[in-house]
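As structure tokens, the structure follows; a few thoughts come after it.
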């Protein structure tokens with residue numbers, strides 16, 4: 001079983017290709033099917049995917065279901081500013097997603113990882129080297145300090161030259177290049 005992290009896929013968003021490098025590989029008419037194929041090429045049925053917000057611009061619950069019913073893996077949904085919270089809750093109730101919420105903590109190996117849609121400057125156990133994974137910025141916010149990473153699809157393109165999800169190894173490798181930064185009054189003791 002593999003674990004993946006991504007954000008800001010924006011299923012059903014007609015203009016996202018205009019605003020991102022996705023226009024190099026797809027267009028508005030093909031975007032949702034391109035995303036489904038991209039997802040299922042990387043993710044196997046038993047894998048876990050943490051999606052950190054802005055999953056879909058869909059207006060109807062059925063549009064969410066149509067997409068999620070085609071996707072491999074167990075899906076955990078962090079709510080983004082463009083997601084419909086009622087739809088996300090119902091997706092869990094109807095077993096299309098495993099979990100939904102606005103914030104979640106997980107671990108990679110023994111390192112705490114704080115998942116949130118937005119970048120933040122201070123997070124739980126930051127002074128002990130915990131990671132912060134976020135989306136929202138489409139690779140445009142590069143000023144975040146410390147062990148933090150935009151795991152959005154567009155940042156994957158910026159870092160790797162291809163649209164794909166982040167693996168745990170990608171995150172470990174990236175965080176090894178980052179210095180510990182403590183934004184609050186906590187001190188690593």
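The values are calculated or read from the model by the stated rules, or taken from the named source; none is laboratory data. Model, not experiment: these values are computed from the prediction. Here the Cβ positions follow ideal geometry from the backbone for every residue, glycine too, while neighbour counts run over all protein chains shown.
Out of all the residues in the range 94-132, which are within 26 Å of residue 66 (Cα to Cα) and in a strand (DSSP E or B)? Within the range 94-132, 99, 100, 101, 103, 104, 115, 116 qualify. The set of residues from the range 8-37 being in a helix (DSSP H, G or I) and surrounded by fewer than 20 Cβ atoms within 10 Å (Cβ to Cβ) comprises 18, 19, 21, 23, 24, 33, 34, 36, 37. Has the range 69-79 got any residue that is surrounded by 14 or more Cβ atoms within 10 Å (Cβ to Cβ) and either over 17 Å from residue 9 (Cα atoms) or modelled with pLDDT under 95 (or both)? Looking through the range 69-79, none of the residues is surrounded by 14 or more Cβ atoms within 10 Å (Cβ to Cβ) and either over 17 Å from residue 9 (Cα atoms) or modelled with pLDDT under 95 (or both). Residues in the range 80-93 that are buried (at least 21 other Cβ atoms within 10 Å of the Cβ) and assigned to a loop (DSSP other than H, G, I, E, B): 2 in all. Given the criteria at pLDDT below 95, assigned to a loop (DSSP other than H, G, I, E, B), at positive phi and surrounded by fewer than 19 Cβ atoms within 10 Å (Cβ to Cβ), does residue 139 qualify? For residue 139, the condition - at pLDDT below 95, assigned to a loop (DSSP other than H, G, I, E, B), at positive phi and surrounded by fewer than 19 Cβ atoms within 10 Å (Cβ to Cβ) - is met.
For the range 162-174, state whether one or more residues are under 22 Å from residue 11 (Cβ atoms) and without any contact (Cβ under 8 Å) to a residue 40 or more places away in the chain. Checking the range 162-174: at least one residue is under 22 Å from residue 11 (Cβ atoms) and without any contact (Cβ under 8 Å) to a residue 40 or more places away in the chain. Please verify whether residue 174 is part of a helix (DSSP H, G or I) and touching a strand residue (DSSP E or B) at 6+ places or on another chain (Cβ under 9 Å), treating the condition exactly as stated. So residue 174 passes the test.
Take the range 46-76 and flag every residue that is within 18 Å of residue 154 (Cα to Cα) and part of a strand (DSSP E or B). Scanning the range 46-76 gives 49, 50, 51, 56. Could you run through the range 124-136 and say how many residues are surrounded by fewer than 20 Cβ atoms within 10 Å (Cβ to Cβ) and without any contact (Cβ under 8 Å) to a residue 24 or more places away in the chain? Counting residues in the range 124-136 that are surrounded by fewer than 20 Cβ atoms within 10 Å (Cβ to Cβ) and without any contact (Cβ under 8 Å) to a residue 24 or more places away in the chain gives 2.
Filter the range 153-165 down to the residues that are touching a helix residue (DSSP H, G or I) at 6+ places or on another chain (Cβ under 6 Å) and outside any helix (DSSP H, G or I), then identify the one that is nearest to residue 47 (Cα to Cα). Selected residue: 165.
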